[in-house]
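**Student:** Would you mind keeping the following structure in view while I ask a few things?
The values are calculated or read from the model by the stated rules, or taken from the named source; none is laboratory data. Please read these numbers as outputs of a predicted model, since none were measured by experiment. For neighbour counting, all protein chains shown are included, and Cβ atoms are generated from backbone atoms with ideal geometry for every residue, glycine included. Just so you know, the surface numbers come from the protein's heavy atoms only, side chains and all, with ligands and any DNA or RNA stripped out. Shrake-Rupley method; radii C 1.70, N 1.55, O 1.52, S 1.80 Å.
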Amino acid sequence: MTNFAHFSYKRLIRNTLCVIIGLFFFLGIYFFVRPICSVGRSMLPTIQNVHFLVTTPRSHNPFVKLQRGDVVIVRCEQRDALLTKRLIGLPEDTVEIRNNQIYINGTLLHESYLYESMVTKDVAPFTLGEDMYYVLGDNRNVSADSRYYGLFSGSDIYATVDLNNQPIYWLVLAVLFVNMLLWIAYLPDWDSPRTAKV
C-alpha cells in the first residue's frame, strides 16, 4: 500500500511538471517569441532576402506598443501573405508624399534606413483614421506596400520585429526549446528503478 501511494505521488508530480513545462513553452512561443522567415528584397538593407527573424506577436499581447519606425509583420489580404514592412504612419497622422519625400503631419520624415533614394509618384495629404496604419518597405523602389495595398488596421499587424535584440530572442527561443526536449526525454522514466533487483 505504501509503495503504491509513493508511486502515485511521484507520477502525479511528473505529470504536473510535464503540463507546466509544456504550458510554459506554449505561452512563451504564443505571447513573446515567434520565429518567421522574411522572404524578398523590399526591406533591404535592413533585412536580407530569406532571413529568419524572431518576432513578438501582437495579438493578445498588452506589452506590444506600436511606434513610428518599427519593423512590423502585416497580414495582406490581397496577397494572402505576411509582409515585412516599416511602420510610417500612425492613427490620426497626416501622410503626404511630395517630391519623393515622406511628410508626416507636415514635417519631413528623415529615414536613414532607406536602401536608396525613393522614386515614386506624389500622394496628396490624407489623414489616417483610428486604428489605421501606413507601412512602406525600406527598399522602397521595389516594395509593394501601402502605396499599392492601402492602409492596414491594427488587427492586420501580426507582429513586431526588434532588430537590436535578435540574438537575445534567439537565445530565449533556443533555451525554451531545449528545455522542453530535455524534460520530455527525461521525465517519462524519472521514477523508474535505476538498478534491477534479483
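**Student:** Residue-wise, which Karplus ³J(HN,Hα) couplings in Hz belong to region 26-33, taking 6.51 cos²θ - 1.76 cosθ + 1.60, θ = phi - 60°, and x for glycine or proline?
**Tutor:** My calculation for region 26-33 gives 4, 5, x, 5, 6, 9, 10, 9 Hz in order.
**Student:** Leaving ligands and nucleic acids out of the surface, order K85, K65, K10 by accessible area at 1.4 Å, largest first. List each step's numbers first, then the result.
**Tutor:** Values: K85 5, K65 155, K10 55 Å².
Putting K85, K65, K10 in descending order of accessible area: K65, K10, K85.
**Student:** Per residue of the chain, what 222 nm ellipticity follows from adding -39500 (n - 2.57) for every DSSP H run with n ≥ 4, rounded to the nearest 500?
**Tutor:** The helix-only estimate for the chain comes to -8500 deg cm²/dmol at 222 nm.
**Student:** Right, here's the next one. I'd like to check one number: the per residue accessible area of the chain, probe 1.4 Å, reported in Å² as a whole number.
**Tutor:** 61 Å²
**Student:** Keeping every protein chain in place, order R14, R58 by accessible area at 1.4 Å, biggest value first, i.e. largest first.
**Tutor:** I get R58, R14, largest accessible area first.
**Student:** How far apart, in nm, are two points set 7 Å out from the Cα along the Cα-to-Cβ line at E77 and at F26?
**Tutor:** 3.0 nm
**Student:** Here is a follow-up. Share of the chain's accessible area from carbon and sulfur, percent, 1.4 Å?
**Tutor:** Carbon and sulfur together cover 61 percent of it.
**Student:** Can you match Rg and Dmax of the Cα atoms in Å to one of these, (1) 19.2, 63; (2) 24.0, 89; (3) 15.8, 44, based on a calculation from the structure here?
**Tutor:** (2)
**Student:** Once you order the gyration tensor axes a ≥ b ≥ c over the Cα atoms, which shape class does region 78-155 get: rounded for a/c under 1.5, otherwise prolate or oblate by comparing a/b with b/c?
**Tutor:** Oblate, because a/c is 1.5 or more while a/b does not exceed b/c.
**Student:** Between the helical axis of 166-186 and the dominant principal axis of the chain, each derived from Cα atoms, what acute angle in degrees is found, rounded to the nearest 10?
**Tutor:** Approximately 20 degrees, to the nearest 10.
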